[in-house]
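Notes follow the structure.
The values are calculated or read from the model by the stated rules, or taken from the named source; none is laboratory data. These numbers were taken from a predicted model, which means no experiment stands behind them. Please note: Cβ atoms are built from the backbone with ideal geometry, for glycine as well, and neighbour counts cover all protein chains shown. The area values use the complete protein model at the heavy-atom level, side chains included, leaving out ligands, DNA and RNA. Shrake-Rupley method; radii C 1.70, N 1.55, O 1.52, S 1.80 Å.
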Amino acid sequence: MRTAPTVTAVAHPNIALVKYWGKRDENLVLPMADSLSLTLDIFPTTTSVQLCPDDAQDMVVVDGHPATGEVRRRIASFLDMLRTYAGRRARARVDTRNTVPVGAGLASSAAGFAALALAAASAYEIDLDRTALSRLARRGSGSAARSVFGGFVLWHAGSSDAEDADLASYAEPLDDARLDVAVVAVLLQTGPKAVSSREAMRRTVATSRRFPGWLASSRLDVTAMRAALAEGDLPTVGAIAELNALGMHATMESASPPVTYRTRASHHVLAHVRRMRERGEQTWSTMDAGPNVKVLCPTSDAHRIADELSAVTGCPTIVARSGPGTRVTAGVDT
Ligand code: PMV
């Protein structure tokens, strides 16, 4: 019997400068507003997929261990969706390796679903252009739509009036962005979070009185951010990104019951980054669905700033720069 080739793809996480927070359609993973990110060059995820027509069910291995629970369920339902699309029945063996702790708000799901989308679509011989690939990755985890591309990326929410809402929501690279920026990630905590971003988002949209205000300002932030990126204006980019992220955390902290990802250590770093700025450094904070703080700064200052933040917190830091989009590394001709 002929064995199907194993297709391997690699993807990197991205950090949103204007956040995606709130879905208007849970099933299609359609966001309420556009978001904008930078794909990073750290913490890649590598995923291999092989079709196994004789297997009764999908086999999913994450970081060397068989996946269970919600992780397995999400990957298997993503594969079901692909099989329906491809008109194929074969089960798959998925082997995924992260270089970042999973579930700690370090965007492992963005890199994970971007790599899975490309490896699995190739294994099922579904020919997708990059736009279609970003739509597919979006169905696994919203932010994964953006990790399909390298550099600065815009994810279109798409209009609710669009005839096909799925088609209208995709990511694209921002080719006119010309900003030289680094991201210093302060790794305060790398254990899995108590509340998933999916649940936190749902709860925020349903119960936070602050959410509508944040959403309205986020829409304005995307326009202002695009202009600042095209100008190469780091102080404006940093200021918009920091306020957008802090505003997002305020919406979830005012949900019922509240979702609190920020710890004492996070607040300590946020305050220190403000103090650095007061003494003339170009540093701005951003955070995702977890306690870790990422600091935007000029690339030429990044290692010095990382050293200071390590000394102040006693925690490891890592410097990231602009990273590449998802690509196949083995198994098919590209
Ligand atoms: O893609 P998800 O469902 O893990 O949502 C991620 C949301 C944030 O990371 C908090 C913000 C963003 O835009 O990446």
(request) Report, in degrees rounded to the nearest 10, the 0 to 90 angle that the Cα long axis of helix 264-278 makes with the longest principal axis of the chain. (result) 60
(request) Can you bin the stretch 214-277 into rounded, prolate or oblate? Criterion: square roots of the alpha carbon gyration tensor eigenvalues sorted a ≥ b ≥ c, rounded for a/c under 1.5, prolate for a/b above b/c, oblate for the rest. (result) oblate
(request) Provide the gained length on full extension for the span Thr99 to Thr236, in nm with one decimal, where the gain is 0.36 nm per separating residue minus the Cα-Cα distance. (result) 46.2 nm
(request) Measure out, as a whole number of angstrom, how far apart the alpha-carbon centroids of the stretch 263-334 and the stretch 1-68 sit. (result) 23
(message) How long are the semi-axes of the equivalent ellipsoid of the stretch 84-234, taking √(5λ) for every eigenvalue λ of the Cα gyration tensor, in whole Å from largest down?
(response) 27, 21, 19
(request) Take the Cα radius of gyration of the chain and divide it by 2.2 N^0.38 Å, with N its residue count; two decimals is plenty. (result) 0.97
(message) Springs between alpha-carbon pairs under 10 angstrom, Gaussian network model over the chain: which of Val183, Val205, Val312 fluctuates most?
(response) Val312
(request) Mind checking the full-extension length gain between Arg88 and Ala330? Use 0.36 nm per residue of separation minus the Cα-Cα distance, one decimal, nm. (result) 84.9 nm
(request) Considering the options Met201, Val319, Ala306, tell which one lies farthest towards the positive end of the dipole of the stretch 181-320, charges being +1 on Lys and Arg and -1 on Asp and Glu at the Cβ, about the Cα centre. (result) Met201
(message) Given 20 °C and 1.002 mPa s, compute D for the stretch 181-320 with the Stokes-Einstein relation, Rh being the Kirkwood radius over Cα pairs; round to the nearest whole µm²/s.
(response) 137
(request) With springs connecting C-alpha atoms under 10 Å apart, model the chain as a Gaussian network and identify which of Gly238, Gly280, Gly151 has the largest mean-square fluctuation. (result) Gly280
(message) With a 1.4 Å probe and all protein chains kept in place, how do Leu28, Leu296 rank by accessible area, largest first?
(response) Leu28, Leu296
(request) Could you size up the charge dipole of the chain around its Cα centre, putting +1 on the beta carbon of Lys and Arg and -1 on that of Asp and Glu, and report it in debye to the nearest 20? (result) 900
(message) Tell me the angle of helix 211-231 to the major Cα principal axis of the chain, expressed in degrees between 0 and 90 and rounded to the nearest ten.
(response) 90
(request) Can you tell me the FRET efficiency between Asp161 and Glu125 if r is taken as the Cβ-Cβ distance and R0 is 41 Å, rounded to the nearest 0.05? (result) 0.75
(request) Select from Val184, Met81, Ala56 the residue farthest towards the positive end of the dipole of the chain; place +1 on Cβ of Lys and Arg, -1 on Cβ of Asp and Glu, and compute about the Cα centre. (result) Ala56
(request) Quick one: compute the contact order of the stretch 1-144, relative version, from alpha carbon pairs under 8 angstrom and 6+ residues apart, as a percent. (result) 31
(request) Per DSSP H run of n ≥ 4, the term is -39500 (n - 2.57); total these for the chain, divide by its residue number, and report the mean residue ellipticity at 222 nm rounded to 500 deg cm²/dmol. (result) -12500 deg cm²/dmol
(request) For Val71 and Asp180, calculate 0.36 nm times their separation in residues minus their Cα-Cα distance, and state this gained length in nm to one decimal. (result) 35.7 nm
(message) Given a 10 angstrom Cα cut-off, can you work out which residue in Ala90, Ala110, Ala200 is the most mobile in a GNM of the chain?
(response) Ala90
(request) Roll a 1.4 angstrom probe over the protein heavy atoms and tell me the percent of accessible area of the chain that is carbon or sulfur. (result) 51
(message) If the only charges are +1 at each Lys and Arg Cβ and -1 at each Asp and Glu Cβ, what is the size of the charge dipole of the stretch 181-320 around the Cα centre, to the nearest 20 debye?
(response) 560
(message) Among Leu154, Ser37, Pro291, whose Cα projects farthest towards the positive end of the dipole of the chain, with charges put on the beta-carbon of Lys, Arg (+1) and Asp, Glu (-1)?
(response) Pro291
(request) For the chain, report the accessible area per residue in Å² (1.4 Å probe, heavy atoms, rounded to an integer). (result) 43
(request) Along Cα→Cβ, 7 Å out, is where each label goes; now give me the distance between the ones at Asp55 and Ala216 in nm to one decimal. (result) 5.0
